[in-house]
Amino acid sequence: MIQSLHRQSSIFFIFLFIFVALSWANESDEPTIVDSLKRPELVALRLTNSIILDGKLDEPEWHRAGITNFIQKDPNQGQASSEKTEVWVAYDDAALYVAARLYDKPDSIVSRIGRRDAMMNADWFYFAIDSYNDKRTGFYFGVYPSGSIVDGTLSNDSWDDDSWDGVWDAATNVDEKGWTVEMKIPYSQLRFPKQDEYVWGVNFGRMIERKQEESYFVMVPKGESGWVSRFASLNGIKNINPPTRVEILPYAVSSMKLTNQFSDGDPFNKGTMFKSNFGADMKLGLGSNLTLNATLNPDFGQVEVDPAVVNLTQFETFFQEKRPFFIEGSSFFDFGYGGANNNMGFNWGGPDFFYSRRIGRSPSGSEQHSGYVERPSNTTILGAGKISGKLSDNFAIGGLVALTEREYSKIDDGAGNRFDDVVEPLASYSVVRGLNEFNQGKQAIGFLATGTRRDLNESYLENSFNKGAYAFGVDGWTNLDSTQTWVVTGWGAATRVEGSRERILALQEAPAHYFQRPDADHLDIDSNATNMTGYASRIAVNKQQGNIRFNSAIGIISPGFETNDLGFLFRTDQINWHLSTGYNWYEPDGFFRRKGFQIATYRNFDFDGNRFGEGYFLFFNVAFMNYWSMNGNVYYNIGNLDNRLTRGGPWMMTMNRVGGWFGVGSDSREKVVGYLNFDGGRSESGAFDYSFSPEIEIKASSNMSVTLSPSYMRSVTMAQYIQTVADGWADKTFGNRYVFSQIDQHELSGNIRLDWTFTPKLSLQLFLQPLVSAVSYSNFKELKEPRTFSFNEYGVDNSSTIADSTTYYRVDPDGNGAAATFDIGKPDFNFKSLRGNAVLRWEYLPGSTLYFVWTRSGSRYENRGNFEVGKDFGDLVSNPDHEDVFLIKLAYWITP
């Protein structure tokens with residue numbers, strides 16, 4: 001096995017060397033990065049009069065000559081914008097002002113009203129600023145003709161993040177010449193150190209929707225990298241001071257929960273519950289470069305509900321973060337792939353070191369008593385704080401700490417006895433991130449450290465929770481050439497988890513580790529251990545620009561590596577590498593507006609040299625001249641060993657599989673926009689799956705859109721794990737019988753969204769997700785031998801029998817043999833869920849918001865596996881088991 005691993009790795013490095021050498025030899029054809037000294041320049045005008053922010057450009061400051069030389073990126077790259085754009089920049093002691101006249105025919109302007117940060121198919125104007133002038137980071141501000149706005153932050157030269165919501169103002173106006181915009185951006189919303197005279201990087205952009213024309217003052221050609229580093233220099237700003245930055249956002253919330261999921265005699269649940277809460281968010285500038293964000297007793301009742309998921313694997317489902325405090329600025333804590341504009345992974349279960357959903361999660365402990373139970377749905381966050389900013393021009397720092405409450409389930413045994421059982425201990429979470437960039441971002445080195453501590457004040461908690469968990473990693477990147485065409489990124493990290501002997505033993509046997517695998521010669525269970533340590537690392541090379549694309553990486557995760565206390569990890573004991581290359585055509589050819597393809601291959605090995613993954617991919621994407629698009633891929637996965645299918649048992653073989661997906665989308669400028677996606681695959685075992693997912697967006701008016709996204713999926717699996725039965729007579733499978741079944745799953749779901757925006761500051765959003773999933777189990781069997789895809793089917797092979805009862809199957813695995821009988825509970829199920837919420841949001845003052853929220857959740861579970869669309873959706877609509885929450889939240893922004 002080790003020889004095979006060495007041979008595969010040698011092939012990987014040989015191909016990598018050949019491709020890099022050939023591409024480097026052709027480097028004269030590649031684009032080059034514009035030297036920062038040659039950046040365009042413009043001058044800001046000092047205001048002598050106040051600006052009335054009405055979008056009409058009546059002030060004399062907007063009557064002087066502005067900048068006008070905008071260049072198209074699409075559809076005709078390099079050509080002048082088809083419509084004139086003129087931009088001015090001015091400033092006073094408190095704010096930066098940007099004004100623009102966007103010439104056009106008034107009746108040709110595409111204007112839509114949307115909530116804040118909505119990405120709409122409409123005309124827009126864009127302003128970006130690098131106020132640190134570090135050529136790596138910045139802020140962006142966008143305005144639609146309707147006055148709707150978007151904003152966010154820029155990092156890693158070309159990454160954008162719309163989670164930041166600044167407090168700034170804009171006004172627009174449509175007249176006979178086109179449309180105009182005025183922006184006022186207070187210095188309190190920017191970050192910059194005190195200087196006598198300031199030089200900031202800036203850029204401006206414009207979208208003409210009906211022409212799909214995107215143009216910029218500084219246009220970065222397609223196929224080239226960089227964004228902030230290309231910005232123009234804004235000069236002339238003098239005699240201003242970074243302001244004191246203090247923002248306080250107190251809030252009050254009141255909610256009512258109505259449910260009929262309660263029993264007579266339940267002392268905790270009578271069907272109606274009321275709750276009130278108070279808290280506050282705060283932002284405090286620590287000097288001119290650092291910002292402290294804090295939240296006390298936060299409430300996130302206004303965020304969208306998580307979708308319902310049917311998970312038949314042993315691995316945890318990953319849900320996206322939706323809570324504003326944790327979303328804002330979260331990109332700074334990304335680790336391991338900065339410096340590159342592409343981060344690929346093929347069958348690479350890379351770890352996340354910071355998964356903020358761990359903070360305030362649903363309690364995971366178990367009650368110690370039985371009876372009527374009042375169990376908290378989430379862990380209370382007592383407080384959290386973030387600090388971020390720069391200690392110098394090149395060194396950025398960030399940190400987060402959070403403290404969560406000890407949570408209790410209240411139990412009434414029905415005999416007059418009450419108990420308070422701890423189901424989530426008091427816990428603290430901390431993350432620290434630092435990044436030092438050199439040579440204008442061409443090289444960097446950084447670190448990330450995380451820590452979790454829990455107060456296990458009850459002995460029964462020691463078997464369920466880690467007492468402490470820590471991770472530390474170092475990452476960085478370096479460009480390999482002067483044109484910044486090639487970059488190498490990498491990271492390495494180590495982890496340590498502490499707990500009782502029982503807890504560490506359970507962790508060793510958990511799905512992410514499976515130390516107990518009987519044929520894993522390189523692993524040993526240590527039942528006396530009170531800690532577990534591990535390491536992981538990855539290095540990647542990426543080609544940043546040009547028509548030819550290339551990305552390759554090799555990574556390792558040791559068996560004892562663990563980040564799930566504050567991160568997310570589903571697999572260890574792996575060595576993975578991939579190679580990927582492709583070619584993009586960016587210029588229209590009369591039929592295609594652009595097109596490209598990519599090929600890739602990967603391998604996976606464990607630390608004993610066993611190969612458990614090998615696959616090949618072909619991806620393609622095209623955009624037609626009529627603005628329709630099409631993309632997809634085909635893949636071929638070689639049959640390999642798999643050490644997860646038996647859930648801690650021996651290796652099992654998988655079969656060759658071929659599949660792919662295909663999608664086509666219509667012109668986004670139309671009032672009705674559609675997208676159709678189909679994917680599927682088939683294995684030589686006879687297993688197959690396919691899904692059909694259309695999506696349609698109906699732009700009912702300039703301020704209303706409805707999106708319908710139904711999806712149907714069918715999956716037939718020939719070997720779904722059921723259970724493990726200890727039996728000393730099963731000597732071929734190490735004294736256990738690994739029971740499997742064929743399953744047939746049908747799932748029909750849909751996402752329904754309504755976005756209705758009355759004004760840029762008043763909007764209504766509605767989201768509904770119905771889901772029906774039915775799974776039937778048949779052909780029960782057991783693994784015949786390790787490292788095979790061979791089975792003994794009960795009732796067919798080895799004189800075995802299987803008897804059907806009302807709620808279970810009774811199995812005799814060897815007929816008249818010595819093996820004992822055992823039972824299999826009937827696993828067929830039919831699950832129905834309806835989730836949704838409606839959020840009315842009103843920004844009644846700058847930074848101050850009022851929310852009215854309704855949330856509905858309901859589900860039904862039945863022990864049947866048949867899928868009957870009419871009956872199932874009828875039951876879904878009439879389902880009496882549901883919960884409704886009505887909530888009002890008022891937040892008021894205070895600043896000196």
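The values are calculated or read from the model by the stated rules, or taken from the named source; none is laboratory data. Here the structure is a predicted model, which means the values were calculated and not measured. Counting neighbours? That spans all protein chains shown, and the Cβs are built from the backbone with ideal geometry, glycine included. We work out accessible area using only protein heavy atoms, side chains counted, and drop any ligands, DNA or RNA first. Shrake-Rupley method; radii C 1.70, N 1.55, O 1.52, S 1.80 Å.
Could you figure out which of (1) touching an Asp or Glu at 6+ places or on another chain (Cβ under 9 Å); (2) farther than 21 Å from V228 by Cα; (3) open to solvent by less than 30 Å² (accessible area, probe 1.4 Å); (4) in a strand (DSSP E or B) isn't true of P145?
Of everything listed in (1) touching an Asp or Glu at 6+ places or on another chain (Cβ under 9 Å); (2) farther than 21 Å from V228 by Cα; (3) open to solvent by less than 30 Å² (accessible area, probe 1.4 Å); (4) in a strand (DSSP E or B), P145 misses just condition (4).
Can you work out which of the residues in the range 167-191 that are part of a loop (DSSP other than H, G, I, E, B) and closer than 15 Å to Y91 by Cα is least open to solvent (accessible area, probe 1.4 Å)?
If we take residues in the range 167-191 being part of a loop (DSSP other than H, G, I, E, B) and closer than 15 Å to Y91 by Cα, then L190 is least open to solvent (accessible area, probe 1.4 Å).
Working only within the range 435-448, note down all residues that are surrounded by fewer than 17 Cβ atoms within 10 Å (Cβ to Cβ) and modelled with pLDDT of 95 or more.
Residue satisfying the conditions is I445 alone.
All but one of (1) farther than 26 Å from F767 by Cβ; (2) open to solvent by less than 20 Å² (accessible area, probe 1.4 Å) hold for T259; state the number of the condition that does not hold.
Every condition holds for T259 apart from (1).
Suppose we keep only residues that are part of a strand (DSSP E or B) and of a type in the set (S, T, Y) within the range 511-553. Which one would you say is most open to solvent (accessible area, probe 1.4 Å)?
Looking at the filtered set, the residue picked out is Y535.
Please find, within the range 405-422, the residue that is farthest from G365 (Cα to Cα) out of those that are out of contact with any helix residue (DSSP H, G or I) (no Cβ under 9 Å at 6 or more places or on another chain) and open to solvent by less than 50 Å² (accessible area, probe 1.4 Å). Can you show your working first?
To start, the set of residues in the range 405-422 that are out of contact with any helix residue (DSSP H, G or I) (no Cβ under 9 Å at 6 or more places or on another chain) comprises 405-420.
Subsequent filtering for residues that are open to solvent by less than 50 Å² (accessible area, probe 1.4 Å) retains 406-407, 409, 411-412.
Numbers: R406: 11, E407: 10, S409: 10, I411: 14, D412: 18 Å.
Taking the candidates together, the pick is D412.
Taking the criterion of being outside any strand (DSSP E or B), open to solvent by less than 30 Å² (accessible area, probe 1.4 Å), touching a residue at least 24 places away in the same chain (Cβ under 8 Å) and of a type in the set (G, A, S), would at least one residue in the range 821-835 satisfy it?
For the range 821-835, residues outside any strand (DSSP E or B), open to solvent by less than 30 Å² (accessible area, probe 1.4 Å), touching a residue at least 24 places away in the same chain (Cβ under 8 Å) and of a type in the set (G, A, S): absent.
What number of residues within the range 150-166 satisfy the criterion of being open to solvent by 30 Å² or more (accessible area, probe 1.4 Å) and of a type outside the set (S, T, Y)?
4
Hey, can you tell me all the residues within the range 602-620 that are in contact (Cβ under 8 Å) with a residue 40 or more places away in the chain, surrounded by 18 or more Cβ atoms within 10 Å (Cβ to Cβ) and part of a strand (DSSP E or B)?
Once the filter is applied, which keeps residues that are in contact (Cβ under 8 Å) with a residue 40 or more places away in the chain, surrounded by 18 or more Cβ atoms within 10 Å (Cβ to Cβ) and part of a strand (DSSP E or B), the range 602-620 yields Y602, R603, N604, F605, G613, G615, F617.
The conditions are (1) within 28 Å of T707 (Cβ to Cβ); (2) crowded, with 21+ Cβ neighbours inside 10 Å; (3) not polar (S, T, N, Q), and W88 fails exactly one of them. Which is it?
The number of the failed condition is (1).
For G865, state whether it is assigned to a strand (DSSP E or B), open to solvent by less than 30 Å² (accessible area, probe 1.4 Å), of a type outside the set (A, V, I, L, M, F, W, C) and under 26 Å from S715 (Cβ atoms).
Criteria not met by G865.
Could you tell me which of the residues F597, F605, F620 is among the hydrophobic types (A, V, I, L, M, F, W, C), in contact with a Lys or Arg (Cβ under 8 Å, 6 or more places away or on another chain) and over 21 Å from I575 (Cα atoms)?
Details: F597 fails: in contact with a Lys or Arg (Cβ under 8 Å, 6 or more places away or on another chain); F605 fails: over 21 Å from I575 (Cα atoms).
The unique qualifying residue is F620.
Can you name the residue in the range 220-248 that is modelled with pLDDT under 90 and surrounded by 17 or more Cβ atoms within 10 Å (Cβ to Cβ) and, of all such residues, is nearest to S409 (Cα to Cα)?
Ranking the qualifying residues of the range 220-248, first place goes to E247.
Looking at (1) in contact (Cβ under 8 Å) with a residue 12 or more places away in the chain; (2) loosely packed, with under 13 Cβ neighbours inside 10 Å; (3) farther than 24 Å from K826 by Cα, can you tell me which one S878 breaks?
(1)
Find the strands (runs of 3 or more DSSP E) located wholly in the range 678-797 whose residues include 2 or more that are in contact with a His (Cβ under 8 Å, 6 or more places away or on another chain) and in contact (Cβ under 8 Å) with a residue 60 or more places away in the chain, and list them.
762-783
Are any of the residues in the range 414-421 of a type outside the set (A, V, I, L, M, F, W, C), in contact with a His (Cβ under 9 Å, 6 or more places away or on another chain) and within 19 Å of Q368 (Cβ to Cβ)?
So the first thing to find is which residues in the range 414-421 are of a type outside the set (A, V, I, L, M, F, W, C), and the list is 414, 416-418, 420-421.
When the remaining residues are screened for being in contact with a His (Cβ under 9 Å, 6 or more places away or on another chain), the result is 417, 421.
So of that shortlist, the ones also within 19 Å of Q368 (Cβ to Cβ) come out as 417, 421.
Looking for residues that are of a type outside the set (A, V, I, L, M, F, W, C), in contact with a His (Cβ under 9 Å, 6 or more places away or on another chain) and within 19 Å of Q368 (Cβ to Cβ), one finds at least one in the range 414-421, hence yes.
Of all residues being among the basic types (K, R) and part of a loop (DSSP other than H, G, I, E, B) in the range 83-121, which is farthest from the chain's Cα centre (by Cα)? Just the residue, please.
Among those that are among the basic types (K, R) and part of a loop (DSSP other than H, G, I, E, B), it is K105.
If you check A427 against the conditions, is it among the hydrophobic types (A, V, I, L, M, F, W, C), under 20 Å from G329 (Cβ atoms) and open to solvent by less than 60 Å² (accessible area, probe 1.4 Å)?
So A427 does not fit the description; no.
Tell me whether the range 317-331 contains one or more residues that are more than 27 Å from D299 (Cβ to Cβ) and not acidic (D, E). Quick ask: steps written out before the conclusion?
Step one: list which residues in the range 317-331 are more than 27 Å from D299 (Cβ to Cβ), which gives none.
No, the conditions are met nowhere in the range 317-331.
Can you name the number of the only condition in (1) part of a strand (DSSP E or B); (2) modelled with pLDDT of 95 or more that G560 fails?
Among (1) part of a strand (DSSP E or B); (2) modelled with pLDDT of 95 or more, G560 violates only (1).
Condition first: surrounded by fewer than 20 Cβ atoms within 10 Å (Cβ to Cβ), without any contact (Cβ under 8 Å) to a residue 40 or more places away in the chain and not in a strand (DSSP E or B). Now tell me which residues in the range 451-466 satisfy that.
If the condition is that a residue be surrounded by fewer than 20 Cβ atoms within 10 Å (Cβ to Cβ), without any contact (Cβ under 8 Å) to a residue 40 or more places away in the chain and not in a strand (DSSP E or B), then E458, S459 are the ones that fit.
So which pairs qualify, if the first residue must be in the range 322-351 and over 27 Å from T483 (Cβ atoms), the second must be open to solvent by 30 Å² or more (accessible area, probe 1.4 Å) and aliphatic (A, V, I, L, M), the Cβ gap must be under 6 Å, and the two must be at least 6 apart or on different chains?
K322/V303; R323/V303
Kindly provide the set of residues from the range 378-404 that are over 16 Å from R323 (Cα atoms), surrounded by fewer than 16 Cβ atoms within 10 Å (Cβ to Cβ) and free of Cβ contacts under 8 Å to residues at least 40 places away in the same chain, ordered by number.
Answer for the range 378-404, where residues must be over 16 Å from R323 (Cα atoms), surrounded by fewer than 16 Cβ atoms within 10 Å (Cβ to Cβ) and free of Cβ contacts under 8 Å to residues at least 40 places away in the same chain: just S392.
Where in the range 392-435 are the strands (runs of 3 or more DSSP E), entirely inside, with at least 1 residues that are within 30 Å of D134 (Cβ to Cβ)?
Hits in the range 392-435: 395-404.
Select, from Y809, Y851, Y777, the only residue that is under 30 Å from M704 (Cβ atoms) and modelled with pLDDT of 90 or more. Talk me through it step by step, then tell me what you get.
Working: Y809 fails: under 30 Å from M704 (Cβ atoms); Y777 fails: under 30 Å from M704 (Cβ atoms).
The match here is Y851.
If you take the residues in the range 192-220 that are part of a strand (DSSP E or B) and among the aromatic types (F, W, Y), which one is farthest from the chain's Cα centre (by Cα)?
Here the answer is Y198.
Exactly one condition in (1) at pLDDT below 95; (2) buried (at least 17 other Cβ atoms within 10 Å of the Cβ); (3) more than 26 Å from M630 (Cβ to Cβ) is false for S701; which is it?
Condition (2) is where S701 drops out.
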